[in-house]
Amino acid sequence: MTGLTPAAQRRERILREAVRQGLLDRERSLLAAFVDLDGVAATVGSLHRAFPSSPSAPPVLHAFAAKANSLVPVLAELRRLGMGCEVASAGELARALAAGFAPDRIVFDSPAKTEAELRYALGLGVTVNADNHQELARIDRALGGRAPLSKIGVRVNSQLGGGAIAAMSTATSTSKFGVPLADPGSRRELLRAYRARPWLTWVHTHAGSQGCPLELMARGVARAVAFAEEVNAAAGRRQVTGIDIGGGLPVDFAGDATEPAFGTYVAELRAHAPALFSGGYGIVTEFGRSVLAKNGFTAAYVEYTKHMGGRPIAVTHAGVQVATRTVFDPGAWPLRIEAYDGGGTAKRGAPVRQDIAGPACFAGDLLARDRALPLLEPGDIVAVPDTGAYYFSTPFHYNSLPEPAVHGVRTHSDGRVAFELLRPAQDPWDVPVPDRGVHGTPRRERAHEPAHGVR
């Protein structure tokens with residue numbers, strides 16, 4: 001393992017043990033994903049330490065953004081580590097409840113909540129952040145003049161600008177999210193909405209995501225805090241008692257570094273929004289990618305290799321179905337690729353520029369183009385680090401490619417690597433019941449069919 005970073009050494013150790021235990025297998029398990037649960041615990045610990053709360057200050061709730069990885073066992077693990085859960089759909093709310101989160105530790109942020117969803121969430125006591133004035137009117141109807149069980153806030157858009165990835169920038173002047181603070185008359189209208197509803201006690205903002213600088217994110221939070229102070233001054237009391245600052249801490253996909261750290265972001269927040277830490281506001285965060293991305297990776301076998309136009313191409317079983325963003329927008333979402341032999345040992349041959357292709361039937365299904373790696377051969381394994389969030393947990397079913405198994409990994413004090421199944425592999429030969437239609441389709445004759453994974 002000489003020359004490998006500690007994180008890469010850990011991936012190699014996990015891969016070798018996964019091959020030994022048959023979790024990666026040339027016949028039956030050509031693609032698998034792994035979540036480093038020890039790494040998750042360390043990351044969550046660093047998040048808790050970065051946002052200390054004193055006994056005299058309101059508590060801090062770190063609500064994991066379920067969209068980043070909505071597997072129920074993963075959510076349950078995060079709950080055990082002291083996190084709450086932020087959800088953006090009815091399906092994510094159902095998963096958060098299935099993972100055991102108490103309703104008052106769930107935050108519902110969808111920009112398209114239905115009346116039925118609002119009634120359900122408010123009936124449970126789930127925190128709700130309204131996205132617009134029309135939604136506030138729906139909440140009025142759902143409450144019917146009753147005091148809410150839930151904490152309720154409004155999402156505001158600071159309209160500060162975007163980051164390097166336009167599709168991920170939520171604080172632009174024309175973002176689809178929240179109520180604008182800078183549009184003519186909008187701030188006054190929102191102040192009137194707060195004055196008319198004493199139960200509006202939170203302000204929510206989310207100014208960052210991958211590609212956004214920390215300074216932009218912190219300035220967005222500062223504008224939300226300033227608006228909360230304005231509401232309280234107008235009310236003559238502390239009506240707004242909490243600020244939901246969202247998540248969006250970017251991740252370094254170029255290497256194993258875990259920068260920027262949560263503490264670095266807190267330093268920016270203290271510089272730009274010191275009132276956030278005055279002790280008068282409860283704080284909610286909604287980090288997702290920064291909690292899980294670095295703590296998961298995908299591994300797949302190389303099925304074939306070829307040369308085309310003088311360039312080597314390795315065709316693997318990992319592609320658009322588990323790395324959708326990277327395949328469709330490789331410039332914004334590049335991923336590292338690591339080369340291993342069939343036993344899970346890192347290859348150390350001279351680097352050769354080659355394409356790493358996926359199994360889907362379209363030309364653009366490439367994990368990497370012209371990437372320098374030890375020359376891959378059939379039966380080798382490619383590992384794709386940093387895919388613990390938004391990748392294998394959110395599969396794309398192009399070509400009816402099956403969802404891979406996801407395994408949690410823990411290392412015991414005696415050095416033993418232990419796996420626990422977080423999601424079973426989907427059998428490509430089983431047509432899901434909903435896809436069979438009202439009349440159904442015949443089930444395959446299992447005794448006469450090839451084994452799972454055989455092509």
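Values quoted throughout were computed directly from the atomic coordinates according to the rules given, and no laboratory measurement underlies them. Source: prediction; values computed, not measured. Cβ: placed from backbone, ideal geometry, glycine included. Neighbour counts: every protein chain shown.
With both labels modelled 7 Å from their Cα along Cα-to-Cβ, the ASP435 to ARG28 distance reads 2.2 nm. Counting every other Cβ atom within 10 Å of each residue's Cβ, MET217, MET308, MET83 order from fewest to most as MET308, MET83, MET217. In sequence order, region 295-312 has phi-based couplings of 9, x, 8, 10, 9, 8, 7, 7, 8, 9, 10, 7, 10, 9, x, x, 10, x Hz under the Karplus curve 6.51 cos²θ - 1.76 cosθ + 1.60, θ = phi - 60°, and Gly or Pro positions carry x. Based on C-alpha pairs under 8 angstrom that are at least 6 apart in sequence, the chain has a relative contact order of 17 percent.
Given a Förster radius of 45 Å and the C-beta distance between HIS48 and GLN134 as r, what FRET efficiency does 1/(1 + (r/R0)^6) yield to the nearest 0.05? Spell out each step's value before the answer.
On the way: r = 37 Å, r/R0 = 0.82.
That pair, HIS48 with GLN134, gives E of 0.75.
For a bin width of 10 Å, list the pair-distance distribution of region 37-291 built from all Cα-Cα distances, rounded to whole %. Result returned by the calculation: 7, 32, 39, 19, 2, 0. Note on the chain: helix-only mean residue ellipticity at 222 nm, from DSSP H runs of 4+ residues weighted -39500 (n - 2.57) and normalised by residue number, equals -8000 deg cm²/dmol. Dipole of the chain computed with +1 at Lys/Arg Cβ and -1 at Asp/Glu Cβ about the Cα centre; of THR394, LEU421, VAL44, farthest Cα towards the positive end is VAL44. The stretch between ALA275 and ARG311 holds 7.3 nm of extra length on full extension. This uses 0.36 nm per residue minus the Cα-Cα distance. The loop-placed trypsin sites (Lys or Arg not before Pro) in region 201-264, going by DSSP, that have at most 15 neighbouring Cβ atoms within 10 Å of their Cβ come out as ARG237, ARG238.
Fewest to most neighbouring Cβ within 10 Å: what's the order for HIS206, HIS412, HIS48, HIS62?
Going from least to most buried by this count: HIS412, HIS48, HIS62, HIS206.
When you filter the GluC sites (Glu not before Pro) in region 258-306 for DSSP loop state and at most 11 other Cβ atoms inside 10 Å of their Cβ, nothing is left.
Total lysine pairs in the chain at Cα distances under 24 Å, for residues eight or more apart or on different chains: 9. For GLU420 and ALA147 in the same chain, what is the full-extension length gain: residue separation times 0.36 nm, less their Cα-Cα distance, in nm? Stretched out fully, the GLU420 to ALA147 stretch lengthens by 93.9 nm. Placing a label point 7 Å from the Cα of THR241 along the Cα-to-Cβ direction, the residues of region 124-144 with a backbone N closer than 19 Å are 124-130. Relative contact order of region 37-291, taken over Cα pairs closer than 8 Å and 6 or more residues apart, is 20 percent.
Scanning residues 5 or more positions from ASP386 or on other chains, those with amide H under 5 Å from its amide H are GLY296, with H placed 1.01 Å from N in the peptide plane.
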